Amino acid sequence: MAYRTYGRRTTRGRRIRRIRFACLLVVVVAIAAVLGVRLAASSSPTAISAVEVPRGEHARQLPREVWPASGQAAVQIGQSGVQAGPNQHAAPIASVAKVMTAYLVLRDHPLRPGENGPTITLTDADVADTDRRRRRDESVVSVAAGEELTELQALQALLLPSANNIAGVLARWDAGSTDRFVARMNAAARSLGMTHTRYTDPSGYDGATVSTAADQVRLVGRAMRLPVFAAVVATPSAWLPVAGIVHSTNTLLGRGGFVGVKTGSTSVAGGCFAFRAIRWIDGKRTTITGVVLGQPGLGAAFAAADAMVDRIAGQPEREAPPGPGRPQRALPPRTGRTP
């Protein structure tokens, strides 16, 4: 009798264990299915979140009317996360690529405010490269063999008149060759989480240099932490030994709160503009960092950025009239086809 009682309890225990095991198996399968869907979505090379989860004081989801009607755009308001509009896909970025070139040069050869940095001596090969680029109607500044540019002057030539020839000079000076420098550009992009970016040249003239607006906003935010970079892109003009006075291609600079950053325009990329503006939002001075790509011309890129900033801030910026400490800045002459 005792034996049969033990057997009944054993059978019942086995049944209970089987039921528990079956329930546990169902739960495990369900969890695995959910995780599988999430992993597949996150690992898809074509899946780019339209709006990233923002954080910070001014982190609010932007309405659709903020974004330009064509191309793509992204923005960061204050210290919030990057918010990206529709149509995010890898596209040519033209001379906006020079933000990465300048960022790497300053990372490898840091400058403090007021420093000029080491001297770069230009060669016959640099003159020949400039002539070749000029024949292709690229944006260049005049150079001469034996000319000496400080690092600061080279960065000014790169970022203000958007000189493609100086992008090559800086790449070779920094890494020993253009190919090695481009490899560093891509390594830096990966380290910054720019997963949809690929650089093939230091100037952006090559249409195979591609990125997204969201990726470029991340880079611009990092570059603007460097005081010398921020100072250069906020400068309307500079003097170079051979080229003389050169002007920024950014015609919004000093207007509507705009304090930089970089223009870009080719027939393949359209009008591109990485920008930063400072506006008052909710009674607080706030930075608005953004990028617009693929606009129908550089003028359209300026208009798109200006409209974005106005809509984010809630009103147009009222500019003070020219006066002491705020001179009227003449528009720079527009030359070249790849600013």
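The values are calculated or read from the model by the stated rules, or taken from the named source; none is laboratory data. The structure presented is a predicted model; accordingly, all values stated were derived computationally and were not measured. Every residue, glycine as well, gets a Cβ built from its backbone with ideal geometry; the counts of neighbours run over all protein chains shown.
What the table shows:
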item	result
Flag if GLU65 is touching a residue at least 60 places away in the same chain (Cβ under 8 Å) and either part of a loop (DSSP other than H, G, I, E, B) or within 19 Å of ARG218 (Cβ to Cβ) (or both)	no
Residues of the stretch 108-120 that turn out to be free of Cβ contacts under 8 Å to residues at least 60 places away in the same chain and farther than 12 Å from GLU151 by Cβ, as a count	1
Identity of the residue in the stretch 60-102, of a type in the set (S, T, N, Q) and surrounded by fewer than 18 Cβ atoms within 10 Å (Cβ to Cβ), that ends up nearest to the chain's Cα centre (by Cα)	GLN79
Filtered residues of the stretch 211-239 (kept if buried (at least 22 other Cβ atoms within 10 Å of the Cβ) and closer than 22 Å to GLU138 by Cβ)	SER211, GLN216, VAL232, VAL233
Positions within the stretch 260-281 being surrounded by 24 or more Cβ atoms within 10 Å (Cβ to Cβ) and farther than 21 Å from PRO227 by Cβ, in sequence order	THR263, GLY264, SER265, ALA269, GLY271, CYS272, PHE273
Qualifying residues in the stretch 147-179 (those that are out of contact with any strand residue (DSSP E or B) (no Cβ under 7 Å at 6 or more places or on another chain) and not in a helix (DSSP H, G or I)) - the one farthest from ALA97 (Cα to Cα)	GLU147
GLY294 vs. criteria on the phi > 0 side of the Ramachandran plot and either aromatic (Phe, Trp, Tyr) or assigned to a strand (DSSP E or B) (or both)	yes
Members of the stretch 251-287 found to be outside any strand (DSSP E or B) and of a type in the set (S, T, N, Q), listed by number	THR251, SER267
Enumeration of residues in the stretch 82-119 that are under 17 Å from ALA208 (Cα atoms) and either among the hydroxyl-bearing types (Ser, Thr, Tyr) or part of a loop (DSSP other than H, G, I, E, B) (or both)	GLN88, HIS89, ALA90, ILE93, SER95, THR101
Hey, ILE281 on the phi < 0 side of the Ramachandran plot and modelled with pLDDT under 95 or not	yes
Options ALA304, ALA313, ALA238: the member that is modelled with pLDDT of 95 or more and within 20 Å of VAL66 (Cβ to Cβ)	ALA304
Conditions (1) hydrophobic (A, V, I, L, M, F, W, C); (2) within 18 Å of the chain's Cα centre (by Cα); (3) over 26 Å from PHE273 (Cβ atoms); number of the one not met by ALA145	(2)
Single match in ARG136, ARG107 (criterion: more than 21 Å from the chain's Cα centre (by Cα) and within 26 Å of ASN250 (Cβ to Cβ))	ARG136
Criterion violated by ALA125 - all others in (1) within 20 Å of GLY260 (Cβ to Cβ); (2) assigned to a helix (DSSP H, G or I) satisfied	(1)
Residue tally, condition under 22 Å from the mean Cα position of the chain (by Cα) and of a type in the set (Ser, Thr, Tyr), over the stretch 148-172	1
